[in-house]
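Provided herewith is a single structure, encoded as structure tokens, for subsequent inquiry.
The values are calculated or read from the model by the stated rules, or taken from the named source; none is laboratory data. Here the structure is a predicted model, which is why all the values come from computation and not from measurement. Cβ placement follows ideal geometry from the backbone for every residue including glycine, while neighbour counts extend to all protein chains displayed. Ligands, DNA and RNA are excluded from the accessible area calculation, which covers all protein heavy atoms including side chains. Shrake-Rupley method; radii C 1.70, N 1.55, O 1.52, S 1.80 Å.
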Amino acid sequence: MKRILLMVLKLLGHVPAWFWRICSFAKDTEEQRYSIEEKYNYIREIAIKANKAGRVTIVSSGGENLPEEDGYILYPNHQGMFDVLAFLETMKRPFSLVFKQEVKDIILLKQIREALHYIHMDRSDMKQSMKVILEASNRVKAGENFLIFAEGTRSRNGNETLPFKAGAFKAATRAKAPIVPVALLDSYAPFDRSTTEPVTVQIHYMKPMYYEEYAGMKTTEIALEVEKRIREEIHKRMKAE
């Protein structure tokens, strides 16, 4: 919370104008006034400034691994509320997001959700969850990129991962879309530690799994494989420090 307060205090003079513009984006649900690229780029610039104000440095690698064509799904480990800010700073192409229902109406997050067409999931409602996966799959087929946290909830054990849920990968298998594993390191630190000292977050985009590679696998097997690759990448990066 201390770092969030620091971000707000440093950027307070800009907040009214930013909020007004994002509200305008949210109302433009059909992209009649603003393209999704314009909306995304504006919000991305705010995220970059917020990270800088919060004394967070992002170290990124593997951007060249992202598929050239849109219509892929990013599957990272989930460490905390800061994760999405790391993606916003390092992803130049727009992406949508599946996120938990509990935060859908928080001010500003709600307007960003509406502007970028994020989907909220009720993890206690299996029927609604499957509808979300189907919608994400259809939108990926249509050429959108998505971010899905396959652990279902954030890990509270630092850089250790939780088991990846097989159901999260149904969106990829239905769309026959590239799966991009992403390893996050120390992304829990900015908001989970009660400090404003400078912190570095790592985000590593790994080589994608194309449909031809996973076509014969069950979603349980895909989940285990993606989790394994991310876990190995995290351990490799930690040893290199």
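List, please: which pairs have Cβ atoms under 7 Å, are six or more places apart or on different chains, and start with a residue in region 166-178 that is free of Cβ contacts under 8 Å to residues at least 40 places away in the same chain and end with one that is open to solvent by 30 Å² or more (accessible area, probe 1.4 Å)?
The qualifying pairs are K176/Y211.
Hey, another quick one. Take region 188-207 and flag every residue that is outside any strand (DSSP E or B) and closer than 15 Å to M81 by Cα.
Step one: filter region 188-207 for residues outside any strand (DSSP E or B), giving 188-198, 206-207.
Listed by number, the residues that qualify are Y188, A189, P190, F191, D192, R193, S194.
Would you confirm, using the coordinates I've provided, whether R3 is of a type in the set (K, R), in contact with a Phe, Trp or Tyr (Cβ under 8 Å, 6 or more places away or on another chain) and at pLDDT below 95? If you could, list the steps in order and put the result at the bottom.
Working: of a type in the set (K, R): yes; in contact with a Phe, Trp or Tyr (Cβ under 8 Å, 6 or more places away or on another chain): yes; at pLDDT below 95: yes.
Taking the combined requirement at face value, the residue satisfies it.
Would you confirm whether or not region 28-45 contains a residue that is touching a helix residue (DSSP H, G or I) at 6+ places or on another chain (Cβ under 9 Å), assigned to a strand (DSSP E or B) and open to solvent by 30 Å² or more (accessible area, probe 1.4 Å)?
Scanning region 28-45 turns up no residue that is touching a helix residue (DSSP H, G or I) at 6+ places or on another chain (Cβ under 9 Å), assigned to a strand (DSSP E or B) and open to solvent by 30 Å² or more (accessible area, probe 1.4 Å).
Here's another thing I want to ask about it. So if I check each of S24, S61, S96, which one is out of contact with any Cys (no Cβ under 7 Å at 6 or more places or on another chain), closer than 22 Å to K176 by Cα and at pLDDT 95 or above? Spell out how you get there, then give the answer.
Numbers: S24 fails: closer than 22 Å to K176 by Cα; S61 fails: closer than 22 Å to K176 by Cα.
Every option except S96 fails the conditions.
I would also like to ask the following. Of the conditions (1) assigned to a strand (DSSP E or B); (2) over 24 Å from E225 (Cβ atoms), E135 clears all except one; give me its number.
Here E135 clears every test but (1).
Scanning region 64-114 for residues that are of a type in the set (S, T, N, Q) and under 14 Å from the mean Cα position of the chain (by Cα), which turns out most open to solvent (accessible area, probe 1.4 Å)? Explain how you work it out, then say what you get.
At the first step, the residues of region 64-114 found to be of a type in the set (S, T, N, Q) are 65, 77, 79, 90, 96, 101, 111.
Checking which are under 14 Å from the mean Cα position of the chain (by Cα) leaves us with 77, 79, 90, 96.
Values: N77: 3, Q79: 1, T90: 33, S96: 2 Å².
In this case the residue turns out to be T90.
Considering only residues that are at pLDDT 95 or above and aromatic (F, W, Y), look in region 189-213 and name the one that is least open to solvent (accessible area, probe 1.4 Å).
Y205
Could you count how many residues in region 115-165 are polar (S, T, N, Q), within 13 Å of the chain's Cα centre (by Cα) and crowded, with 17+ Cβ neighbours inside 10 Å? Walk me through it before giving the result.
Initially, region 115-165 is screened for residues polar (S, T, N, Q), giving 124, 128-129, 137-138, 145, 153, 155, 157, 159, 161.
Next cut, within 13 Å of the chain's Cα centre (by Cα) only: 145, 153.
Imposing the further condition that a residue be crowded, with 17+ Cβ neighbours inside 10 Å reduces the set to 145.
The total comes to 1.
Condition first: among the acidic types (D, E) and more than 21 Å from H120 (Cα to Cα). Now tell me which residues in region 141-188 satisfy that. Don't jump to the end; show me each part of the working.
Residues of region 141-188 among the acidic types (D, E): 144, 151, 160, 186.
If the condition is that a residue be among the acidic types (D, E) and more than 21 Å from H120 (Cα to Cα), then E160, D186 are the ones that fit.
Any chance you could count how many residues in region 214-241 are open to solvent by 70 Å² or more (accessible area, probe 1.4 Å) and either of a type in the set (K, R) or free of Cβ contacts under 8 Å to residues at least 40 places away in the same chain (or both)?
From region 214-241, those open to solvent by 70 Å² or more (accessible area, probe 1.4 Å) are 216, 218, 220-221, 224, 228, 231-232, 235-241; that's our starting set.
Those left that are additionally either of a type in the set (K, R) or free of Cβ contacts under 8 Å to residues at least 40 places away in the same chain (or both): 216, 218, 221, 228, 231-232, 235-237, 239-241.
Qualifying residue count, region 214-241: 12.
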